[in-house]
Amino acid sequence: MLVAAAVCPCPPLLVPEVAAGAAPELDGLRAACLDAVGVLAAARPDRLVVIGPAGASGRGPHPQGATGSFRGFGVDVDVRLGRGEAAGERPLPQSLAVAAWLLGRTGWAAAPVEGLGVGEPLETDRALAVGRELAATDERLALLVMGDGSACRTLKAPGYLDPRAEDFDAAAARALGAADSAALAAIDGELAYELKAAGRAPWQVLAGAGEGAGLTGALLHDEAPYGVGYFVATWS
């Protein structure tokens with residue numbers, strides 16, 4: 001059963017070494033993400049599953065000990081998912097590497113950790129089914145769900161300015177902050193794709209896991225500093 005969830009964005013800029021001189025600009029977002037991970041630990045889970053968007057090579061399960069790196073951004077920063085020996089044959093996708101950094105920053109030791117990379121093409125019905133499968137256990141399950149909102153909030157955003165983006169992000173933030181599984185399930189996948197909202201599929205996995213869990217949501221952070229929607233929320 002799902003006992004807690006945290007929703008965080010996954011820009012590599014959350015890692016201060018990657019952000020370099022711009023790191024202070026995201027101090028508030030970074031702090032909110034760390035607070036959200038703290039809510040997961042307080043729920044005393046038996047297992048933590050980290051879910052995030054991934055390209056074809058990073059989709060599917062990643063075991064505890066899977067490793068990732070930010071060397072592609074020119075910094076000497078490596079991460080490991082949870083504690084223990086390095087494991088897994090594939091590197092973590094970027095979203096799960098950011099999650100591993102967050103967990104490492106908080107010294108996560110509350111429960112075993114595993115990762116799940118999901119692809120943008122994952123249809124809503126399948127995403128919901130994956131979430132239901134994860135929650136169909138007697139274990140106390142916690143989820144750390146990584147994903148950004150639209151990338152079209154300003155002219156300089158990665159996806160340029162789209163007038164639909166602000167309303168899309170507002171609706172997503174309301175759903176995440178209210179632990180509203182039905183509203184997350186109703187997100188239009190095609191619109192999310194057009195707005196480059198990488199969080200859509202992970203959020204809908206969360207929606208499936210949260211059905212009937214009776215959790216209460218809280219929105220800790222909502223901003224779009226680079227024209228990309230970044231939300232931090234907790235379900236507990």
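FYI, it's all coordinate maths here, none of it is from the lab. Being a predicted model, the structure only gives us computed values, none of them experimental. Quick reminder, even Gly has a Cβ in these numbers, built from the backbone with ideal geometry, and neighbours come from all protein chains shown.
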Suppose we look only past 19 Å in the calculated P(r) of the stretch 10-103. What percent of the Cα-Cα pairs does that tail hold? 43 percent
Most to least packed among 141-152, 72-83 [average Cβ atoms within 10 Å]: 141-152, 72-83
Equivalent ellipsoid semi-axes, the stretch 147-201, via Cα gyration tensor eigenvalues times 5, rooted, Å: 20, 11, 9
MRE, 222 nm, helices only [DSSP H, n ≥ 4, -39500 (n - 2.57), over the chain, to nearest 500]: -10000 deg cm²/dmol
Cα-derived Rg over Rh, computed across the stretch 114-236 with Rh taken as Kirkwood radius: 0.97
Out of all DSSP beta bridges in the chain, what portion is antiparallel? Express it as a percent rounded to 5. 45 percent
Which trypsin sites (Lys or Arg not before Pro) does the stretch 121-222 hold that lie in a coil by DSSP with at most 10 other beta carbons within 10 Å? Lys156
Take each uninterrupted DSSP H stretch in the chain, measure its Cα extent along the helix axis, and return the ones at 20 Å or beyond whose mean Kyte-Doolittle hydropathy is at least -0.5. 27-42
